[in-house]
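Undergrad: Pasting a structure below so you can have a look.
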Amino acid sequence: MGETTQYQMRPLETKDLAWLIPMDRACFHTAWSEAAWREELEGRLAHYYAMEAGGVPLGYGGFWLIAGEAQIMRLAIAPQYRGKGLGLRLVALLLAEAKKLEGQEVSLEVRAGNLPARRTYERLGLTVCGQRPHYYSDNGEDAILMHRTLV
C-alpha cells in the first residue's frame, strides 16, 4: 500500500466475520470466538470499524461508549500491512468517531511489551494512567492503561 492509497473506513457487520475471525486469530494470542464477535457487533454500546483499501480488509478496531467514555476494546492491523502507519490512521478514526458520538474521553489497555502500539497511542495523545500486573492470562504480561480526553 503506497502513499497515494485510498483507505476506506466503514462499520463492521456480521458478514465480515469470514475475514475478521482469521485476522483476529493472526493478530492476538487470545482470539475472540465467533460467538463473542457476534455479541460485540450486535451490542448497542459497541462501535466497530473495518479499514480497507480497494475492498481488501487491512485491519479493524472498535470501542464501547459508556457514559462519555470510549473504551477501545480491540484494534488490529493484519500482519502483512503493519509498519505502514495504518494503526495510527485507525486509532485516529476511532478517536474521531468517539468524539462525534459525544465521547469525552478514551481509554484502553495494551500489553506492556507491545511497544509499536504504545508509541502509536502516545503519538495520538494518550498517556499512561496505570498498570495491571500479570493481567494477560496467556503469559502473565502486564497491561498498561492509557487515557486521553477528547474535548
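Undergrad: With respect to the numbered conditions (1) touching a Leu at 6+ places or on another chain (Cβ under 9 Å); (2) part of a loop (DSSP other than H, G, I, E, B), which one is the sole condition not fulfilled by His29?
TA: Condition (1) is where His29 drops out.
Undergrad: From the residues in the range 42-98 that are of a type in the set (Val, Ile, Thr) and touching a Ser or Thr at 6+ places or on another chain (Cβ under 8 Å), which one is farthest from Trp32 (Cα to Cα)?
TA: Top of the filtered list is Val91.
Undergrad: Mind telling me which of the residues Trp32, Trp64, Trp37 ends up being under 15 Å from Leu108 (Cβ atoms) and at pLDDT 95 or above?
TA: On inspection, the qualifying residue turns out to be Trp64.
Undergrad: Related question: Inspect all residues belonging to the range 123-145 and state whether any of them is of a type in the set (A, V, I, L, M, F, W, C) and within 17 Å of Asp24 (Cβ to Cβ).
TA: Taking every residue of the range 123-145 in turn, none turns out to be of a type in the set (A, V, I, L, M, F, W, C) and within 17 Å of Asp24 (Cβ to Cβ).
Undergrad: Also: Look at Glu52 and say whether it is out of contact with any Pro (no Cβ under 7 Å at 6 or more places or on another chain), closer than 25 Å to Glu105 by Cβ, touching a residue at least 24 places away in the same chain (Cβ under 8 Å) and charged (D, E, K, R).
TA: no
Undergrad: Scan the range 88-99 and tell me whether some residue there is in contact (Cβ under 8 Å) with a residue 24 or more places away in the chain, of a type in the set (Gly, Ala, Ser) and under 21 Å from Ala143 (Cα atoms).
TA: Within the range 88-99, none of the residues are in contact (Cβ under 8 Å) with a residue 24 or more places away in the chain, of a type in the set (Gly, Ala, Ser) and under 21 Å from Ala143 (Cα atoms).
Undergrad: Taking interchain pairs and intrachain pairs at least six residues apart, which have beta carbon atoms under 9 angstrom, with the first residue in the range 129-151 and farther than 26 Å from Ala96 by Cα and the second modelled with pLDDT under 95 and of a type in the set (A, V, I, L, M, F, W, C)?
TA: none
The values are calculated or read from the model by the stated rules, or taken from the named source; none is laboratory data. Just so you know, these numbers come straight off a predicted model, no measurement behind them. All Cβ positions, even for glycine, are placed from backbone atoms using ideal geometry, and neighbour counts span all protein chains on display.
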